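The values are calculated or read from the model by the stated rules, or taken from the named source; none is laboratory data. Please read these numbers as outputs of a predicted model, since none were measured by experiment. All Cβ positions, even for glycine, are placed from backbone atoms using ideal geometry, and neighbour counts span all protein chains on display.
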Amino acid sequence: MRYRVSSEWRGGWEHVILYDDWTGSEAVIIPGIGCNLIRCRLEEYETIEGPPHLSMLAEYSAEYGVPLLWPPSRIAGGTFTFRGRRYTFPQHEGGHHLHGDIRRLSWEVVSQSAAETEGAWMTAVLRVTDHPEWYAYYPHEVALRLTYRLKEGRISAVLDAVNEGRDEAPYGFGIHPYFTLAGDALEETEVTVPAEFQYDTSELVGIERVPERTELCRQLDGGLAVSALPAELDHVLLRLASGKRECRLTRKRSGIRIVFGFSENLAHAVVFVPEWAHAVSLEPWSSITDAFNSPLPAEWSGRSGLEGGRAVRFEWQWRVERLGQ
């Protein structure tokens with residue numbers, strides 16, 4: 001059989017492993033720490049920078065693998081108001097809330113299997129009501145259902161968020177994959193993003209101006225060396241061109257290109273180069289930094305609410321292409 005899935009306990013944590021034996025591809029997911037995809041080998045190429053030790057993932061859950069963010073980025077002071085209700089989130093960094101908490105919480109695996117026509121997959125669920133410390137500051141009956149699938153040498157994911165309660169829940173979602181460079185120099189690695197506008201991120205919170213079409217947008221749209229990204233910025237936050245949801249990371253020394261696609265409702269993207277890992281993070285977000293405190297209209301901030309009984313779906317996937325083929 002081409003595809004298979006296994007569940008193993010290592011170092012005190014469950015590892016769900018998806019296999020595609022024909023291509024030698026393998027994906028490793030840790031349900032107990034944010035359902036983080038800590039390893040993804042597609043054919044013979046490693047694509048994700050995982051933690052040196054699993055204990056580091058538990059402590060630094062936003063810094064390795066593929067953290068899931070609900071919401072993405074910072075909330076100034078950890079507080080905001082939505083529909084007349086005041087929310088106070090925990091402060092993680094510099095007096096701000098950072099990247100939500102689903103990245104560190106334990107998810108429940110509800111199914112895992114493999115089939116010739118469907119690939120290898122696993123599904124896990126996270127409910128706000130199962131985590132009293134989360135429900136205390138986010139009092140909504142929201143359930144998240146995540147499926148990772150390995151098929152034909154490609155990794156894909158679907159996240160369904162359902163509001164099972166009555167009150168409208170404020171939300172934002174993002175993905176924070178650390179794509180490994182694994183021996184490729186920054187100047188030999190090119191990032192391509194369909195950027196239409198750039199937000200001002202000179203401050204870590206407090207985006208107040210409508211994004212602008214910049215020279216950096218044009219450069220990223222055509223492909224830019226990672227070493228040429230502006231060093232004065234912690235990260236670059238972009239609004240993507242309508243109908244274009246595919247980023248590329250070209251590793252010239254390795255002779256490969258990672259093609260990363262995602263759903264239309266992830267209208268923003270961040271390019272971030274971490275100091276602690278030889279990697280590049282390409283982050284699709286549904287909303288911008290501190291969206292619910294932003295003076296920008298919703299069309300630019302992405303702030304949104306999930307009404308009772310309603311659902312929203314996010315999708316993403318990536319594959320490896322060999323250069324010259």
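Can you say whether residue 222 is modelled with pLDDT of 95 or more, in contact with a strand residue (DSSP E or B) (Cβ under 9 Å, 6 or more places away or on another chain) and over 29 Å from residue 76 (Cα atoms), as far as the supplied structure shows? Here the answer is yes, as residue 222 does meet what is asked. Restricting attention to segment 196-227, which residues are surrounded by 14 or more Cβ atoms within 10 Å (Cβ to Cβ), more than 21 Å from residue 94 (Cα to Cα) and free of Cβ contacts under 8 Å to residues at least 40 places away in the same chain? Listed by number, the residues that qualify are 214, 216, 217, 219, 221, 224, 225.
Can you confirm whether residue 103 is surrounded by 13 or more Cβ atoms within 10 Å (Cβ to Cβ), in contact (Cβ under 8 Å) with a residue 60 or more places away in the chain and touching a strand residue (DSSP E or B) at 6+ places or on another chain (Cβ under 7 Å)? Against the criterion (surrounded by 13 or more Cβ atoms within 10 Å (Cβ to Cβ), in contact (Cβ under 8 Å) with a residue 60 or more places away in the chain and touching a strand residue (DSSP E or B) at 6+ places or on another chain (Cβ under 7 Å)), residue 103 qualifies. Only one entry in 282, 266, 249 is of a type in the set (A, V, I, L, M, F, W, C) and assigned to a loop (DSSP other than H, G, I, E, B), namely 266. Is it fair to say residue 193 is under 20 Å from residue 300 (Cβ atoms), touching a residue at least 60 places away in the same chain (Cβ under 8 Å), among the β-branched types (Val, Ile, Thr) and surrounded by fewer than 17 Cβ atoms within 10 Å (Cβ to Cβ)? When the stated conditions are applied, residue 193 does not pass them. Just one of (1) closer than 17 Å to residue 281 by Cα; (2) at pLDDT below 95 fails for residue 209. It is (1). The selection criterion, being in a loop (DSSP other than H, G, I, E, B) and free of Cβ contacts under 8 Å to residues at least 12 places away in the same chain, holds for residue 231. The C-beta contact set for segment 51-71 (first residue free of Cβ contacts under 8 Å to residues at least 60 places away in the same chain, second residue of a type in the set (D, E, K, R) and not in a strand (DSSP E or B), distance under 6 angstrom, 6+ apart or interchain) comprises 61/103; 61/104.
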